[in-house]
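The values are calculated or read from the model by the stated rules, or taken from the named source; none is laboratory data. Small disclaimer: the values here were computed from a predicted structure and weren't measured. We place every Cβ from the backbone using ideal geometry, glycine too, and count neighbours over all the protein chains shown.
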Ligand SMILES: O=C(O)CCC(=O)C(=O)O
């Protein structure tokens, strides 16, 4: 791609900020839920995030989920899916054993009674300089709130009414997330309008608009799965067979200090470009995370050692913005940056 075209793509990052998103890294804050019309006009149509305070104070969950007893009693017999990793990074890039190649690693998933799962999340023991050897995160992203956790349905609303009215549909999926300070979700995007409510604890988001696609160095990585040996407590990482490739963002926004200089030189478009939007979503707040925005998520637990959130995924409009985004994705920004040697690919 020509220098001139590179410059045009860079201009796009700046232009959306100047015209619509704002030139600081701050996300707009509303003190109370918007009307459906305000939400549609000011946020959904311009594809612009916002945080809404005082959004879920009327939910029973806002008080009752601060109490473990309520949760463990309501779900005493319920089997839930717990995602286990050695380091809190599920669905993220990890070096393959005895190789410098990266793979896309998914967690080992175990089904166990909720009280046991909660205990495992909150009692993560600190080993190896503060990093536990097993990090547990309840984060099944398959509408789990309306299946595994349906016994809690009375505690929350089944949708976000002002969002449903604005979007003209009900949520496609409602997911529950229970994690601790060790769990992180790596940069990715979803084809949903996301209403992300934090019930207890805090979530920290880094956000990049779809226009910044090239800054995340998306490449295809072979999919692998962590397998936990329960007797030894050791994880192994196994490539899926047959090999499957997953397109994923290459950038880790928080590299260890020893790796920082190298990461900055591998991913200059991210580290030297406009700062990502950054926000902390506190208990009682909802983040509107617009469709196709890239997001990276960390969490700070409450005094009981857990962060609990629930998100509502609404189908997005496959409209002209989506078509523009697909067009942008098809443009190569630079000759291959080839940040890491990959296993030979047979697709894409
Ligand atoms: O809370 C998290 O860890 C990730 C949330 C997320 O990726 C989403 O809601 O799409």
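Structure data summary
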{"quantity": "Flag if residue 188 is closer than 30 Å to residue 278 by Cα, surrounded by fewer than 20 Cβ atoms within 10 Å (Cβ to Cβ) and touching a residue at least 40 places away in the same chain (Cβ under 8 Å)", "calculated": "yes"}
{"quantity": "Odd one out for residue 25, checked against (1) over 28 Å from residue 303 (Cβ atoms); (2) surrounded by fewer than 14 Cβ atoms within 10 Å (Cβ to Cβ)", "calculated": "(2)"}
{"quantity": "Residues being in contact (Cβ under 8 Å) with a residue 12 or more places away in the chain, part of a loop (DSSP other than H, G, I, E, B) and out of contact with any strand residue (DSSP E or B) (no Cβ under 8 Å at 6 or more places or on another chain) - total across segment 256-284", "calculated": "4"}
{"quantity": "All strands (runs of 3 or more DSSP E) inside segment 1-94 with 3 or more residues being touching a helix residue (DSSP H, G or I) at 6+ places or on another chain (Cβ under 9 Å)", "calculated": "79-85"}
{"quantity": "Residue list for segment 183-206, filter: closer than 13 Å to residue 252 by Cα and within 11 Å of the ligand (Cβ to nearest atom)", "calculated": "184, 185, 186, 187, 188"}
{"quantity": "Any hit, segment 318-327, residues being part of a loop (DSSP other than H, G, I, E, B) and in contact (Cβ under 8 Å) with a residue 12 or more places away in the chain", "calculated": "no"}
{"quantity": "All positions within segment 214-252 that are over 28 Å from residue 133 (Cα atoms), in contact with a strand residue (DSSP E or B) (Cβ under 8 Å, 6 or more places away or on another chain) and either modelled with pLDDT under 95 or not in a strand (DSSP E or B) (or both)", "calculated": "215, 216, 218"}
{"quantity": "Some residue of segment 285-295 being touching a residue at least 12 places away in the same chain (Cβ under 8 Å), in a loop (DSSP other than H, G, I, E, B) and within 10 Å of the ligand (Cβ to nearest atom)", "calculated": "yes"}
{"quantity": "Pair list, Cβ < 8 Å and 6+ apart or interchain, from segment 210-236 residues that are without any contact (Cβ under 8 Å) to a residue 12 or more places away in the chain to residues that are assigned to a strand (DSSP E or B)", "calculated": "229/235; 229/236; 234/228"}
{"quantity": "Criterion violated by residue 87 - all others in (1) more than 17 Å from residue 164 (Cβ to Cβ); (2) out of contact with any strand residue (DSSP E or B) (no Cβ under 8 Å at 6 or more places or on another chain) satisfied", "calculated": "(2)"}
{"quantity": "Any hit, segment 127-144, residues being closer than 17 Å to residue 74 by Cβ, modelled with pLDDT of 95 or more and more than 16 Å from the ligand (Cβ to nearest atom)", "calculated": "no"}
{"quantity": "Residue selected from segment 24-53 under the condition out of contact with any strand residue (DSSP E or B) (no Cβ under 9 Å at 6 or more places or on another chain) and in contact (Cβ under 8 Å) with a residue 60 or more places away in the chain, by the criterion farthest from residue 157 (Cα to Cα)", "calculated": "47"}
{"quantity": "Residue ID - nearest to residue 180 (Cα to Cα), chosen from residues in segment 95-118 that are in contact with a helix residue (DSSP H, G or I) (Cβ under 9 Å, 6 or more places away or on another chain) and assigned to a helix (DSSP H, G or I)", "calculated": "118"}
{"quantity": "Residue in segment 156-171 that is surrounded by fewer than 18 Cβ atoms within 10 Å (Cβ to Cβ), within 16 Å of the ligand (Cβ to nearest atom), more than 17 Å from residue 205 (Cβ to Cβ) and more than 15 Å from the chain's Cα centre (by Cα) present", "calculated": "yes"}
